[in-house]
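The values are calculated or read from the model by the stated rules, or taken from the named source; none is laboratory data. Quantities reported herein were computed from a predicted structural model and do not represent experimental measurements. Positions of Cβ are backbone-derived with ideal geometry, glycine not excepted, and every protein chain shown enters the neighbour counts.
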There are 2 protein chains.
Amino acid sequence: MQLDNRPVILVTNDDGITAPGIRALVEAVKDLGTVVVVAPDSPQSGMGHAITIGKPLRLDRVSVFEDLGIEAYQCSGTPVDCVKLARDKILKGKPDLCVSGVNHGSNASINVIYSGTMSAAMEAAIEGIPSAGFSLLDYKFDADFTVSKKVAHTVASRMLEKQMPPNMLLNVNIPITTLGEFKGLKICRQADAKWAENFDHRIDPRGRDYYWMTGQFVNMDSGNGTDIEALKEGYASIVPIKFDFTDTIMKSWLEKEWGD
Amino acid sequence: MQLDNRPVILVTNDDGITAPGIRALVEAVKDLGTVVVVAPDSPQSGMGHAITIGKPLRLDRVSVFEDLGIEAYQCSGTPVDCVKLARDKILKGKPDLCVSGVNHGSNASINVIYSGTMSAAMEAAIEGIPSAGFSLLDYKFDADFTVSKKVAHTVASRMLEKQMPPNMLLNVNIPITTLGEFKGLKICRQADAKWAENFDHRIDPRGRDYYWMTGQFVNMDSGNGTDIEALKEGYASIVPIKFDFTDTIMKSWLEKEWGD
C-alpha cells in the first residue's frame, strides 16, 4: 500500500467486516489519518485472545469501504489474527494507532477477557501500538452509533495528538444515550464482576443432549470509580488495560507462605 | 455424581481429553481428592479465553479415565466452556480446586494471554475456585511428565492444605529437566515479552494465497525475578495471576492528562 505523511490507523473488530459498528468506527476516524481496515470475514464474538495455529489463514482485499475511499481486507481468522496479519503482510510495520470496534454490546468490567474486540486492541498494544477498543452497550444490529462515533473521534484524536505512553491500551465503553444526554468521558477502573452461567439444556431431533450458554452479569463491586458505575451515570468509561497479569499482592503472600 | 467428604478437584486442559499431559495431571492429583475430568473433545491450543455463544455445546461422558476409576466428560467447546459446563451441569457447584494442563508447551510470560490452559484456570478463579494451570516446556507428544507430576502434586497439595486467598490463580511452568536436576519451585513475575510473527505465505492448488502463522518468542525483560529467568535456571516458575486488568499507572497518567 501507498502511505502519505498522515498517521496510519488500523481498524479492526470482532463482529466481522460487514457489521454496522466497524463502519461507524471507520467514519469516526477517517479524517484523522490514512485508514486501513483488516477485520474478520465472519462474526467472532467471544473469541477472547484466540489465535489460529492449527489451520492456514486467508486474507483477501474487499470493496466494503470503497465508497469511503478506504482500503479493506477480510481475514478468515480471529480478531488477534487480523492484527498480526495486518502488521506483517499489509502495513509491513507498525501503524500509529489501532482502533477496534465499535462492538455491538458491552465490553466493560470482566467482559474484557472474553472480548475479541479488546483482544485485537491488546495484541496491537503488545506490539507497542497505542490502541483502543470501543463498545456500545446496545447489542442490536441497528443500534444508534452517533454517540459512539463522537467518543471514538475524541479518543483517537487525543491518542494521535501527542506521543502516548508505550503499550497504551484503552477499554472504552459507550452508554445507550443521545448526544444531548451524553455526560462525557470518565477514566475508570475495571469493576469486579462475573457472569453467572446457566446452560439451557435441550434435546436434538436425534435424541442427543445439547446446551446453549446463557448467563447473567453479576456486579460484585460496590466501590466507586468503576466503569459500570460511570456507564450507569451516562458517561463513556475509559479503563486503561495492562497485559502484565502478575498479581503482586498474591505474589508477596506466596513468597511469605511458600518461600523456601 | 456422588461426592464423599474428600475435596473435589476439577481437571481440564486445552490439548484435549486424550492428550498425555492431562493424564499426567490426573495421575498427579488423584490421591488428593475426588477427581472429575471435563476437557475438550479436540485440541484447543491458542484458544485464549474464547467462549462458544453462537452454537450449542455437546457434553458426553467418556471412559478415558475408567482405568483410574475417574469420572470424565468431553465437551465440544473451548477450555473456558468446559469449566462453565462442569460447574453448572456436572458438579452443580464449586469444586475445591481446579487444575488445568499439563499443557504440551510453555505458557510462561505473554503466552498466558493466548493460552487455553490458563484461560480455563482463570475462568475457575473468577468463580472463586482456587486454580492453577500447569505447562511443560516440551511440545512433544511423548514428552516426559515426571517432573511435571511432582510439581503438580506439590502445588495442588499446598493449595488444598489450608484456605487459599479468594480468586487465587497460578501460572505454573515446568522446565525440561529430570528429577535429579530439578531445582524446585520459584515464585516469579511475568516477564515482559512478545511473539514476533512471520506469516508463511503459500499458494494452494487452486492458485489462492494462504498463510501459516509462525513466530519467535522475544524476551524484552532484562530484569530479575521473571518466570523466563527461573525456567532457564531449572526452576518451575509460579506466577500468581489477576484478572483485574486495570493499569493503575496509566490510569493516574490519564487522569492528569485527560481529566476535565
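Could you list all residues from segment B:37-93 that are on the phi > 0 side of the Ramachandran plot and buried (at least 17 other Cβ atoms within 10 Å of the Cβ)?
Selection gives B:Gly46, B:Gly48.
How many residues does segment B:43-73 contain that are over 15 Å from B:Ala19 (Cα atoms) and away from chain A (no Cβ under 14 Å)?
Qualifying residue count for the region: 6.
Can you say whether A:Ile228 is free of Cβ contacts under 8 Å to residues at least 60 places away in the same chain, within 30 Å of B:Thr78 (Cβ to Cβ) and out of contact with any Cys (no Cβ under 7 Å at 6 or more places or on another chain), as far as the supplied structure shows?
no
Checking the conditions here, which among B:Asn107, B:Asn111 is touching a helix residue (DSSP H, G or I) at 6+ places or on another chain (Cβ under 6 Å), farther than 28 Å from A:Arg202 by Cα and within 13 Å of chain A (Cβ to nearest Cβ)?
Answer to the selection: B:Asn107.
Please determine, by comparing only the residues of segment B:210-223 that are under 30 Å from A:Pro56 (Cα atoms) and either at the interface with chain A (Cβ under 9 Å from one of its Cβ atoms) or among the hydroxyl-bearing types (Ser, Thr, Tyr) (or both), which one is surrounded by the fewest Cβ atoms within 10 Å (Cβ to Cβ).
Among those that are under 30 Å from A:Pro56 (Cα atoms) and either at the interface with chain A (Cβ under 9 Å from one of its Cβ atoms) or among the hydroxyl-bearing types (Ser, Thr, Tyr) (or both), it is B:Thr214.
This table checks each residue for (1) crowded, with 16+ Cβ neighbours inside 10 Å; (2) touching a residue at least 12 places away in the same chain (Cβ under 8 Å).
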position: B:Ile203; (1), (2): no, no
position: B:Pro240; (1), (2): yes, yes
position: B:Lys251; (1), (2): yes, no
position: B:Gly259; (1), (2): no, no
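Against the condition over 21 Å from B:Ala50 (Cβ atoms) and surrounded by fewer than 23 Cβ atoms within 10 Å (Cβ to Cβ), how does A:Leu136 come out, does it pass?
no
Give the number of residues within segment B:169-185 that are at the interface with chain A (Cβ under 9 Å from one of its Cβ atoms) and either among the hydroxyl-bearing types (Ser, Thr, Tyr) or surrounded by 15 or more Cβ atoms within 10 Å (Cβ to Cβ) (or both).
Of the residues in that region, 4 qualify.
Can you tell me which of (1) without any contact (Cβ under 8 Å) to a residue 24 or more places away in the chain; (2) in a strand (DSSP E or B) is the one A:Lys194 doesn't meet?
Single failed check for A:Lys194: (1).
Could you go through segment B:135-152 and let me know if any residue there is modelled with pLDDT of 95 or more and closer than 17 Å to A:Met250 by Cβ.
No, there is no match, as no residue in segment B:135-152 is modelled with pLDDT of 95 or more and closer than 17 Å to A:Met250 by Cβ.
Just the residues that are out of contact with any Phe, Trp or Tyr (no Cβ under 7 Å at 6 or more places or on another chain) and within 21 Å of A:Thr78 (Cβ to Cβ), please, taken from segment B:122-133.
B:Glu123, B:Gly133
Only residues that are in contact (Cβ under 8 Å) with a residue 40 or more places away in the chain and not aliphatic (A, V, I, L, M): list them for segment B:1-15, please.
Across segment B:1-15, the qualifying residues are B:Pro7, B:Thr12, B:Asn13, B:Asp14, B:Asp15.
Name, by its number, the condition in (1) of a type outside the set (D, E, K, R); (2) out of contact with any Pro (no Cβ under 8 Å at 6 or more places or on another chain); (3) away from chain A (no Cβ under 14 Å) that does not hold for B:Thr154.
For B:Thr154, the exception is condition (3).
Under the condition of being in a strand (DSSP E or B) and hydroxyl-bearing (Ser, Thr, Tyr), which residue from segment A:224-260 is farthest from the other protein chains (Cβ to nearest Cβ)?
Among those residues, the one meeting the criterion is A:Ser237.
In segment B:120-175, what count of residues is obtained for those that are among the hydroxyl-bearing types (Ser, Thr, Tyr) and touching a strand residue (DSSP E or B) at 6+ places or on another chain (Cβ under 6 Å)?
Count: 4.
For segment A:186-209, how many residues meet the condition of being facing chain B (nearest Cβ under 8 Å) and of a type in the set (Val, Ile, Thr)?
1
For B:Cys98, state whether it is modelled with pLDDT of 95 or more, away from every other protein chain (no Cβ under 14 Å) and surrounded by 24 or more Cβ atoms within 10 Å (Cβ to Cβ).
Against the criterion (modelled with pLDDT of 95 or more, away from every other protein chain (no Cβ under 14 Å) and surrounded by 24 or more Cβ atoms within 10 Å (Cβ to Cβ)), B:Cys98 qualifies.
Got a sec? Which of B:Gly207, B:Gly215 is in a strand (DSSP E or B) and of a type in the set (Gly, Ala, Ser)?
The match here is B:Gly215.
Could you tell me whether B:Ser115 is crowded, with 24+ Cβ neighbours inside 10 Å and either within 23 Å of B:Glu229 (Cα to Cα) or acidic (Asp, Glu) (or both)?
yes
Given the structure, is B:Leu91 under 18 Å from B:Cys75 (Cβ atoms) and away from every other protein chain (no Cβ under 12 Å)?
Here the answer is yes, as B:Leu91 does meet what is asked.
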